[in-house]
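Right, one structure below, let's go through it.
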Amino acid sequence: MDDLGIIPEYSLYPNPSDSDFNIKLTKSEEKKFHYSIIDIIGSLITEKFIGYIGESTFERKVTIEDLPSGIYVLILRLDNQIFRKKIIVSNESHSY
């Protein structure tokens, strides 16, 4: 059985949002971190490699003000762990 170490706790707020949201990780250990956002049909919208994060709380602001209103999926990758979270963009000036 693989030892995954500590399972990080994460939160995403505010959700829904119209301009940006925050990713907050706790209990993350030292891991390589990157995230991506895909739309509901699976097309990659953005991907960002953050680098190595330490064992403390980590927080990152992600700007989404240029995205059209809709439902997206945020994919967090911490070494070999993958977490998915639905995000809702409510941007009146960029609606479909």
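The values are calculated or read from the model by the stated rules, or taken from the named source; none is laboratory data. Being a predicted model, the structure only gives us computed values, none of them experimental. All Cβ positions, even for glycine, are placed from backbone atoms using ideal geometry, and neighbour counts span all protein chains on display.
Worth pointing out:
- On the stretch given as segment 31-62, residues that are exposed (fewer than 12 other Cβ atoms within 10 Å of the Cβ) and acidic (Asp, Glu) total 1.
- Residues of segment 20-59 classified as modelled with pLDDT of 90 or more and more than 14 Å from the chain's Cα centre (by Cα), total: 4
- One residue stands out in segment 74-88 among those that are under 17 Å from residue 20 (Cβ atoms) and out of contact with any Pro (no Cβ under 7 Å at 6 or more places or on another chain): the one that is surrounded by the fewest Cβ atoms within 10 Å (Cβ to Cβ), namely 86.
- Within segment 66-85, the residues that satisfy the criterion of being in contact (Cβ under 8 Å) with a residue 40 or more places away in the chain and within 15 Å of the chain's Cα centre (by Cα) are 74, 75, 76, 77, 78, 79, 81, 83, 85.
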